[in-house]
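I have placed the structure first, in the form of structure tokens, so that the comments after it can refer back to it.
Quick note: the coordinates plus some simple rules give every number you see, no bench work behind them. Quantities reported herein were computed from a predicted structural model and do not represent experimental measurements. All Cβ positions, even for glycine, are placed from backbone atoms using ideal geometry, and neighbour counts span all protein chains on display.
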Amino acid sequence: MSKSSNNEKVLEIKDVHAKIGNKEILKGLNLDLEPGKVHAIMGPNGAGKSTLSKTIVGHYDIEMTGGDILYKGKSIKDWEPEERALEGIFLSFQHPVEIPGVNNAYFLRTALNAKRKHEGKEELNAAEFLRTMKQHLEELGMKSDMISRSLNEGFSGGEKKRNEILQMLILEPDVIILDEIDSGLDIDALRAVSEGINRMKDGKRAFLVITHYSRILDYIKPDYIHVLKEGRVIKTAGPELVARLEETGYDSIEEVQ
Amino acid sequence: MTMEETVARYKEDFDLFPSANDKIEYIFDLGKKHTTLAQEEKNDETFVEGCASAAWLVGECKDGKLILRGEGTSEMAKGMLTLLLDIFNNRTPDEILSFDPAKLHEMGVVELLSPVRQQSLEAFLKKVYEYARKCSEELKVNNQK
């Protein structure tokens, strides 16, 4: 891997070590993301998949103890999570949080306007925002009462995940990390979520799809499959690797040094 | 965009909001684009008599059109002024005089205003139509010259 920053890479994860509490989870992880490419991260439980996503966004659970993360050529390891978000890094949560009393539309508009302000763009007023939101709601097959409900409160599993995708569509991030976006989804929700993700594939954004199952990769075609094991990427291959993993499991994958 | 089309566009905007509170809040939101008047422009002549909170409206006849500028003091006045000026400003006096103010009800928000605020709206409209009539007369005199 090149030591210098490369404009073709939107995100460079370089020899990253990270721990939660006293436990080291990421042990020298390397990974580059390019605009327009879909990278799938697969691996057994406890391999460090969710820790990787949290490390990229600067989650407070994580202590990065080594290595560096470059976003558009700049080191972001000391950036606050909100700075990373404002600059265009997005994480859809595996377990989206319910926030009673916070209106979903207000929450989204506040987030979008914070990003627009950061980018030097004019903020959207409530009507301009709702027009955009309603269009996305229709495309995602979501009910219009999502506008007035509290953020994720009482949402079904499928509604929560669709709401994450709604946030992604509205915020238009450059690096999109989807942490088990497929978990708990029925086939209709999976299709709606995948269609939402595919609409963002315009060649400019990089996707990191973290999943246990190959099912979602039938809908979101990956360019690369990375196998994560014990805190490191032990193999990178094309989408053909999915079939082999399905057949023989992770134990059959040997680390390529 | 004609005055009727501007009203229709606002109707579409207000229809997006699920509740009366949200619609009222949108009026406050519009007030963020509210402009102010120079201190010397705020006088007895421009004061909108009958408004619930102090408001001033300047009307100038320029190039055959009525140019309106205003300032309100409450959040509601600022929002309503921004909305109403969007509809009434920079029109010919004939356009304004032939516009039926009852059409403002089509936006679906006038009836949400409290009686005091509805009176404020009436006071605003009275002032606008006064300016429009004055401008129309000025134009007629100028045309006869």
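Overview of results
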{"quantity": "Label zone at residue A:213 (point 7 Å along Cα-to-Cβ), backbone N below 13 Å, the stretch A:156-170", "calculated": "A:158"}
{"quantity": "Contact order relative to length of the stretch B:48-95, as percent, for alpha carbon pairs under 8 angstrom and 6 or more apart", "calculated": "34"}
{"quantity": "Mean Cα-pair separation over length for the stretch A:11-252, i.e. relative contact order, pairs under 8 Å, 6 or more apart, %", "calculated": "30"}
{"quantity": "Spacing of the two label points (7 Å from each Cα toward its C-beta) at residue A:139 and residue B:142, in nm", "calculated": "4.9"}
{"quantity": "3J(HN,Hα) from dihedral phi, the stretch B:70-75, Karplus parametrisation 6.51/-1.76/1.60, rounded to Hz, x for glycine, proline", "calculated": "x, 8, x, 10, 9, 4"}
{"quantity": "For A:103-111, mean number of other protein chain Cβ atoms within 10 Å", "calculated": "1"}
{"quantity": "Beta bridges per DSSP with both ends in the protein assembly as shown, % antiparallel, nearest 5", "calculated": "65"}
{"quantity": "Top of B:40, B:95, B:71 by mean-square fluctuation, Gaussian network on chain B, Cα under 10 Å", "calculated": "B:40"}
{"quantity": "Average beta-carbon neighbours from other chains, 10 Å sphere, peptide A:119-129", "calculated": "3"}
{"quantity": "Pairwise label distance in nanometres, residue A:254 with residue B:126, each label 7 Å out on the Cα-Cβ vector", "calculated": "9.3"}
{"quantity": "Placed amide H near residue B:91: partners under 5 Å, 5+ positions off or other chain", "calculated": "B:66"}
{"quantity": "Theoretical gain in end-to-end length, residue A:97 to residue A:132 [0.36 nm per residue, Cα-Cα removed]", "calculated": "10.3 nm"}
{"quantity": "Centre separation in Å (Cα based) which lies between the stretch A:144-182 and the stretch A:188-234", "calculated": "16"}
{"quantity": "Relative contact order (%) - criterion: Cα under 8 Å, at least six apart; region: chain B", "calculated": "29"}
{"quantity": "Spin-label pair residue A:243/residue B:90, simplified geometry with 7 Å Cα→Cβ offset, distance in nm", "calculated": "6.3"}
{"quantity": "Debye intensity ratio I(q)/I(0), log10, the stretch B:3-144, q values 0.09, 0.12, 0.14, 0.15 Å⁻¹ (C-alpha model)", "calculated": "-0.26, -0.47, -0.64, -0.73"}
{"quantity": "Cβ-based charge dipole, the stretch B:14-76, positive-most Cα from B:35, B:74, B:46", "calculated": "B:35"}
{"quantity": "P(r) tail fraction, the protein assembly as shown - alpha-carbon pairs more than 32 Å apart, %", "calculated": "50"}
{"quantity": "Cα centroid separation, the stretch A:63-128 to the stretch B:66-111 (Å)", "calculated": "38"}
{"quantity": "Förster-model FRET efficiency, 45 Å R0, residue B:45 and residue B:19, C-beta, rounded to 0.05", "calculated": "0.70"}
{"quantity": "Karplus-derived HN-Hα couplings along the stretch B:104-110 (A = 6.51, B = -1.76, C = 1.60, θ = phi - 60°), whole Hz, x at Gly and Pro", "calculated": "4, 5, 4, 5, x, 10, 4"}
{"quantity": "Peptide-level mean, for B:9-20, of C-beta atoms on other protein chains within 10 Å", "calculated": "3"}
